[in-house]
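Below: one structure, written as structure tokens.
Nothing in this text is a laboratory measurement; each read-out follows from the coordinates by a stated rule. Small disclaimer: the values here were computed from a predicted structure and weren't measured. Cβ atoms come from the backbone with ideal geometry, glycine included; neighbour counts cover every protein chain shown.
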Amino acid sequence: MELRTKRVYDPADPSDGFRVLVDRLWPRGLSKERAAVDLWDKQVAPSDDLRRAFHHDGLPWPEFEDRYRAELAANPAVDDLRHTLDAHPVVTLLFGAHDPEHNQAVVLADLLAPRAA
């Protein structure tokens, strides 16, 4: 499986494959048609408290990343998502944040990425 990340506000493209929104909140001002989301998996998004700490309270990226990884490690929805994604050769994890390098989709993609043996 090829795993990508992309801002949900960017135009959908057939090369995106299976598109999964990994935000807890629906992106402001974006219609469902324009988002072209195949799955909205709120269960693997950061908790509300962690999201607020990062986006509103200035939690540093390394601390956000560590805390989000801890949430994911304890979250059974991650295995459910992994099972769903296995059926798709290309998966794009969608996020609403402005920063393409510092967002939950990047952390989740790293966790879900197939590892070479």
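Only helices (runs of 4 or more DSSP H) wholly contained in the stretch 61-117 count here; list those with 3 or more residues that are touching a strand residue (DSSP E or B) at 6+ places or on another chain (Cβ under 9 Å) and of a type in the set (A, V, I, L, M).
Values: elements: 61-73, 77-85, 104-112.
Fully inside the stretch 61-117 and qualifying: 104-112.
Among the residues of the stretch 51-60, write down those that are in a loop (DSSP other than H, G, I, E, B) and surrounded by 15 or more Cβ atoms within 10 Å (Cβ to Cβ).
As a first pass, look at the stretch 51-60 and keep what is in a loop (DSSP other than H, G, I, E, B): 56-60.
Hit for the stretch 51-60 is L59, nothing else.
Looking only at the stretch 21-35, which residues are surrounded by fewer than 16 Cβ atoms within 10 Å (Cβ to Cβ) and over 13 Å from the mean Cα position of the chain (by Cα)?
Those that are surrounded by fewer than 16 Cβ atoms within 10 Å (Cβ to Cβ) and over 13 Å from the mean Cα position of the chain (by Cα): R28, G29, L30, S31, K32, E33, R34.
Considering the stretch 8-33 alone, what residues qualify as being among the charged types (D, E, K, R) and touching a helix residue (DSSP H, G or I) at 6+ places or on another chain (Cβ under 9 Å)?
At the first step, the residues of the stretch 8-33 found to be among the charged types (D, E, K, R) are 10, 13, 16, 19, 23-24, 28, 32-33.
If the condition is that a residue be among the charged types (D, E, K, R) and touching a helix residue (DSSP H, G or I) at 6+ places or on another chain (Cβ under 9 Å), then R19, D23, R24 are the ones that fit.
If a residue must be more than 21 Å from D10 (Cβ to Cβ) and either surrounded by fewer than 16 Cβ atoms within 10 Å (Cβ to Cβ) or charged (D, E, K, R) (or both), how many such residues does the stretch 36-50 contain?
4
Using beta carbons and a limit of 6 Å, which pairs, at least six apart or on different chains, have the first residue in the stretch 29-44 and free of Cβ contacts under 8 Å to residues at least 60 places away in the same chain and the second one in a helix (DSSP H, G or I) and among the hydrophobic types (A, V, I, L, M, F, W, C)?
Every condition considered, the pairs that remain are D41/L81; Q43/A77.
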